[in-house]
Amino acid sequence: MNAVAQPTMIKAEMSFAELADNFALFDEWDDRYSYLIDLGRKLPAFPKDLQTEVYKVRGCMSQVWMVPGHPTGEPGKFAFAADSDALIVKGLIAVLGILFSGQTPEAIAAIDVEKAFHTLGLDQHISPSRRNGLVSMVEKIKSYAKTA
């Protein structure tokens, strides 16, 4: 029997305030989208054998898979591994990693994602279908964190 590869959890490599400052450096939305895509490219590799129906996030037009876990050595905090077949969505996953990874379940429940995406200006610059997928990813994260 083959062992299933364990995914590397997403770590918040910067604070949300630093992320917001980075987004503010760009005057054009094309540059912000490029930055978002670059964030997604830096996600840890996601094992192909976990790209299954069990870990698929429903409600996303793109393929999205998400596995819950904990940061190394911090069982009281939440982290997740995720992947998508769409570059922009991978960038959104990276932003969610900055917001949620390393947080307690209580802190996760209190995070206002709409406000965060408004701060970044993403609320007005992502398509309705991506917005629906984002909501589905956030619901999955909050559900995972609640049961962690």
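Can you tell me which condition SER84 does not meet? The list is (1) surrounded by 21 or more Cβ atoms within 10 Å (Cβ to Cβ); (2) more than 18 Å from MET137 (Cα to Cα); (3) of a type in the set (Ser, Thr, Tyr), and all the others hold.
(2)
For the list (1) within 13 Å of the chain's Cα centre (by Cα); (2) assigned to a loop (DSSP other than H, G, I, E, B); (3) not basic (Lys, Arg), I need the number of the one condition that PRO71 fails.
(1)
Being out of contact with any helix residue (DSSP H, G or I) (no Cβ under 9 Å at 6 or more places or on another chain), within 23 Å of GLN103 (Cβ to Cβ), in contact (Cβ under 8 Å) with a residue 24 or more places away in the chain and assigned to a helix (DSSP H, G or I) is the filter here; which residues of region 1-51 pass it?
Of everything in region 1-51, just one residue is out of contact with any helix residue (DSSP H, G or I) (no Cβ under 9 Å at 6 or more places or on another chain), within 23 Å of GLN103 (Cβ to Cβ), in contact (Cβ under 8 Å) with a residue 24 or more places away in the chain and assigned to a helix (DSSP H, G or I), namely LEU50.
Where a number appears in this text, it was derived from the coordinates with a stated rule and is not lab data. Remember, predicted model here, so these are calculated numbers, not experimental data. Please note: Cβ atoms are built from the backbone with ideal geometry, for glycine as well, and neighbour counts cover all protein chains shown.
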